[in-house]
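To keep things clear, I will list the structure first and then write my remarks on it.
The values are calculated or read from the model by the stated rules, or taken from the named source; none is laboratory data. Computed from a prediction, not measured in an experiment: that's the story for all the values here. Ideal geometry is used to build each Cβ from the backbone, glycine not excepted, and the neighbour counts take in all protein chains shown. Protein only, heavy atoms only, side chains kept; ligands, DNA and RNA dropped before computing areas. Shrake-Rupley method; radii C 1.70, N 1.55, O 1.52, S 1.80 Å.
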Protein chains: 2
Amino acid sequence: MTHTFLNEAPITTASDQVFVDMRREIVEGSIVQGSKISEPELAKRYGVSRATLREALNRLESCYLVERKANVGCRVVALTAERLIEVYQVRSSLEGLACRLAADNMEPEEVKGLKQLLNQHLQTQRVKEGESYYQEAGDLDFHYRIIQGSKNAHLIHLLCNELYQLIRMYRVQMGMVGPRVSKAFDEHLAIINAIENHDGELAEMLMKRHISASQANIQTKFDVYQSI
Amino acid sequence: MTHTFLNEAPITTASDQVFVDMRREIVEGSIVQGSKISEPELAKRYGVSRATLREALNRLESCYLVERKANVGCRVVALTAERLIEVYQVRSSLEGLACRLAADNMEPEEVKGLKQLLNQHLQTQRVKEGESYYQEAGDLDFHYRIIQGSKNAHLIHLLCNELYQLIRMYRVQMGMVGPRVSKAFDEHLAIINAIENHDGELAEMLMKRHISASQANIQTKFDVYQSI
DNA sequence: ATTTTTTAGATTGTCGACAATTAATGTCGT
DNA sequence: ACGACATTAATTGTCGACAATCTAAAAAAT
């Protein structure tokens, strides 16, 4: 079961379904990055008309997974090192903000839930030692809860609905499943403590640093290709 | 001539035109905030089919000017005090980032252009003394150039294409045309100096403060209504 | 042979009509 | 008179076809 954020509108219409399906295929690489999208072809493949497919494409564009040019067409986004830096600069700033707000606005029981989540991850990590399948869903859930804790609806939408699928796309296609687990664990713990102490300034700084470390980690994948 | 951001894709298709037209009407209040949008009605009014109108609606949703619910319809966004706070928290964070990046990445001639722009505004301000029609276009242009100076395409898109129309909508409909001119001038000057000295940290802080002051200024308009 | 122009093909943008869903009206029962 | 239910009207979602535009291959010119 692939983890997809929860606070989304339920899937009612056909274009909803196509949007969710295409999004998964793009994030996972089944529809390869940078490739051109043929509307008639994909419409046939998903068994819908071009109109509903275009509706889905519009929404994919809203979350930066495809790019569109008038009278030319649609391409899947290309995962470049430059774009990674740009996106992570934005992410770092916004999640830093979210974390600072969360230190003020999270309910005690929400903080408690966060700590339980972390303990849970510690245990599964010990079990799966090294293989650490947990990273993806676990890390995502951690960030997700803090973002929700900001109580800023606009910020939540920006991060959870618009930006995060692109970030997942980088992580999945760059093969970010393995390392950095124990380090990330310690960083998560420090962030939770700051939030619990209502130290927004510290929480923001720690989150920014945590995300920068994550970026540097992905960045190495690009550097590897570069050096070959 | 209303100032609209320059780095937009040229208007080629019919839905482009409808998008730009509707956007202006919403921002200026001709289409009133919170009102429901009837697709057949507006399609007839703009002389296009429902398909192209819906395309325009999708893009208006991308820049937060309308909200959409499946099988229910579309509403113009409502300008609440809560939303203002949320949006400005995000804006402050992102433009702070932009300003910090601009301190590193702006070319000397770009900085020079910024200073000229400010001098220009100083003169027109002296002439129009008090009435200060300059605020809207001038302030917008100042922020616009710094954002461009960040050289971060994703950030530029986020601020200039997605967020700024909503901000303009608040300013226009709350009647923010008059005051805060001289104060804003000094703040702008300090920001430019920080950028020129490549002091990103200071530039970020000053910009955040500048935007917070702007927020507080708009906020008073809501408080006035509240107290009546 | 190279460049420009023309032409053919394919793709996107737009339209009007139909199907599915929602909101509003009216009807019935208590 | 009030509330629950059924029916009707209106709105949105979806479809297939046509028009406008772009891309690329073929033809013409230098």
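Miscellaneous remarks
- Over chain B, Cα pairs under 8 Å with separation of 6+ residues give a relative contact order of 27 percent.
- Compactness of chain B, expressed as Rg and Dmax over alpha-carbon positions, Å: 18.6, 55
- Structure note, pairs A:Lys221/B:Lys151; A:Lys115/A:Lys221; B:Lys151/B:Lys183; A:Lys112/A:Lys221; A:Lys151/B:Lys69; A:Lys151/A:Lys208: Cα-Cα distances above 26 angstrom occur for A:Lys115/A:Lys221; B:Lys151/B:Lys183; A:Lys112/A:Lys221.
- Distances from A:Ala51 to itself in the other copies, using label points 7 Å out along the Cα-Cβ axis, amount to 0.7 nm in increasing order.
- R0 of 45 Å, Cβ-Cβ distance B:Asn197-A:Val72: FRET efficiency to nearest 0.05: 0.55
- Cβ-Cβ FRET estimate between B:Ala137 and A:Arg24, R0 fixed at 45 Å, reported to 0.05: 0.55
- Solvent-accessible area buried by B and A, counting both chains, probe 1.4 angstrom, square angstrom: 2200 Å²
- Teacher prompt: A:Pro108 distances to equivalent labels in other copies, 7 Å Cα→Cβ, nm: 6.1
- Residue with peak Gaussian network fluctuation, chain A [Cα springs, cutoff 10 Å], from A:Val111, A:Val76, A:Val90: A:Val90
- For the peptide B:152-162, the mean number of other protein chain Cβ atoms found within 10 angstrom of a residue's Cβ is 4.
- Share of carbon and sulfur in the accessible heavy-atom surface of chain A [1.4 Å probe, %]: 53 percent
- Cβ-Cβ FRET estimate between B:Lys183 and B:Gln116, R0 fixed at 30 Å, reported to 0.05: 0.90
- For B:Val66, distant residues with modelled amide H under 5 Å away: B:Glu61, B:Val77
- With label points defined 7 Å past Cα in the direction of Cβ, position B:Gly29 shows copy-to-copy spacings of 5.4 nm, given to one decimal and shortest first.
- Only one residue of B:Ile218, A:Thr80, A:Cys63 has its Cα farthest out toward the positive end of the dipole of the protein assembly as shown, where Lys and Arg carry +1 and Asp and Glu -1 on Cβ, and that residue is A:Cys63.
- Cα convex hull of segment A:60-114, projected area averaged across orientations, nm²: 5.7 nm²
- Top of A:Ile11, A:Ile191, A:Ile146 by mean-square fluctuation, Gaussian network on chain A, Cα under 10 Å: A:Ile11
- Take the protein assembly as shown with all the other protein chains still there, run a 1.4 Å probe, and you get 47 Å² of accessible area per residue.
- As computed over the protein assembly as shown, the Cα convex hull volume per residue (Å³): 173 Å³
- Projecting the Cα positions of B:Gln89, B:Pro40, A:Ala203 onto the charge dipole of the protein assembly as shown (unit charges on Cβ atoms of Lys, Arg, Asp and Glu, taken about the Cα centre) puts B:Pro40 furthest along the positive direction.
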